[in-house]
Structures are given as structure tokens and as C-alpha cells.
1. When Leu114 is evaluated against the numbered criteria (1) surrounded by 12 or more Cβ atoms within 10 Å (Cβ to Cβ); (2) of a type in the set (A, V, I, L, M, F, W, C); (3) free of Cβ contacts under 8 Å to residues at least 60 places away in the same chain, which criterion, by number, is the only one it fails?
2. Would you call Thr17 touching an Asp or Glu at 6+ places or on another chain (Cβ under 9 Å), at pLDDT below 90, surrounded by 10 or more Cβ atoms within 10 Å (Cβ to Cβ) and under 30 Å from Ala120 (Cβ atoms)?
3. Tell me whether segment 27-42 contains one or more residues that are in contact (Cβ under 8 Å) with a residue 24 or more places away in the chain, among the aliphatic types (A, V, I, L, M), farther than 30 Å from Glu113 by Cβ and surrounded by 10 or more Cβ atoms within 10 Å (Cβ to Cβ).
4. Leu33: closer than 14 Å to Ser109 by Cβ and either part of a helix (DSSP H, G or I) or of a type in the set (A, V, I, L, M) (or both), yes or no?
5. Considering only segment 74-111, state which residues are without any contact (Cβ under 8 Å) to a residue 40 or more places away in the chain and outside any helix (DSSP H, G or I).
6. Would you say Val115 is in a helix (DSSP H, G or I), of a type in the set (Val, Ile, Thr) and in contact with a helix residue (DSSP H, G or I) (Cβ under 6 Å, 6 or more places away or on another chain)?
Amino acid sequence: MPEARGLLTSVRTLLGTLLGMAQTRLELMANELEEDRLQLIKLLIYSLLMLFFFFLGIALLTLLVVTMFWDTNRLLAIGIFTAIYLGIAAWLTTYVIHLVKHKPRLFSSSLAELVKDRAALEPAE
């Protein structure tokens, strides 16, 4: 009977250790998710503010240049600004597609730790 008790104690200890490791990994994943969420909100707010002031500045610059050339070449000025804006939009579109395709994997740190844990628990050959 003492052997069975010792085995049961060992199994309980092992299960406790495994549960503790799982809890630690889940907490790490939750922290990563929270950090990503906060970073995304911060990025969104600053991006919206940046875009607002950028578009306001571009609109006022366009208005200034078109007004300067109103009597002589207003259509040329409008056409040049249109071409510039469309070129910038095309470049930004390709850049955003690149960013989306090369986005880091979510929970990469947690997954790496789980791989290490699994390797540590596998029997050595």
C-alpha cells in the first residue's frame, strides 16, 4: 500500500505541476493579447489624429496652389495634385498589403514557450 500512496502522490504532484505550467502559459497569452489590444488602440487613435491633420494640411495646400494659378493654369494645377494624390494612394495601398502579409504571428512568445515545455516533458532517448 505505501507504494500506491507514493505513486498517487507523484501523479498528483505531476498534475499540479502541469496545471501550474498551463496556468502560467495562459497568463502569458492573456498578457500578450492585452498588450496587443492596447497597442492597437493607441495606434488607431494616433493614426486618426495624424490623418486628420495631414488631410487638412493637404487640402489647404491644394487650395493655396490652385488659388495662386487660378487665372493662368488652374486645370493644370488641379491635374498635377490629382496625379500626386493618386500616386501616393497607390503606394500606400501596396505598403498596407505588405504589412498585412508580413504581420507577426499572434501569441508567438506563448507558442514558443509551449514548444519548450513539450520538449522538456518528452522522454529523453
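The values are calculated or read from the model by the stated rules, or taken from the named source; none is laboratory data. Quantities reported herein were computed from a predicted structural model and do not represent experimental measurements. Please note: Cβ atoms are built from the backbone with ideal geometry, for glycine as well, and neighbour counts cover all protein chains shown.
1. (3)
2. Considered against the rule, which asks whether it is touching an Asp or Glu at 6+ places or on another chain (Cβ under 9 Å), at pLDDT below 90, surrounded by 10 or more Cβ atoms within 10 Å (Cβ to Cβ) and under 30 Å from Ala120 (Cβ atoms), Thr17 comes out as no.
3. Let us first name the residues in segment 27-42 that are in contact (Cβ under 8 Å) with a residue 24 or more places away in the chain, namely 28-29, 32-33, 36.
Imposing the further condition that a residue be among the aliphatic types (A, V, I, L, M) reduces the set to 28-29, 33.
Okay, now just the ones that are also farther than 30 Å from Glu113 by Cβ, so none.
The answer is no; no qualifying residue exists.
4. Working: closer than 14 Å to Ser109 by Cβ: yes; either part of a helix (DSSP H, G or I) or of a type in the set (A, V, I, L, M) (or both): yes.
Spelling it out, Leu33 is indeed closer than 14 Å to Ser109 by Cβ and either part of a helix (DSSP H, G or I) or of a type in the set (A, V, I, L, M) (or both).
5. Step one: filter segment 74-111 for residues without any contact (Cβ under 8 Å) to a residue 40 or more places away in the chain, giving 74-105, 108, 111.
Matches in segment 74-111: His102, Lys103, Pro104, Arg105.
6. no
Conditions (1) among the β-branched types (Val, Ile, Thr); (2) modelled with pLDDT under 85; (3) within 30 Å of Ser109 (Cα to Cα); (4) surrounded by 11 or more Cβ atoms within 10 Å (Cβ to Cβ), marked per residue:
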site	(1), (2), (3), (4)
Leu8	no, yes, no, no
Gln23	no, yes, yes, no
Met50	no, no, no, no
Trp70	no, no, no, no
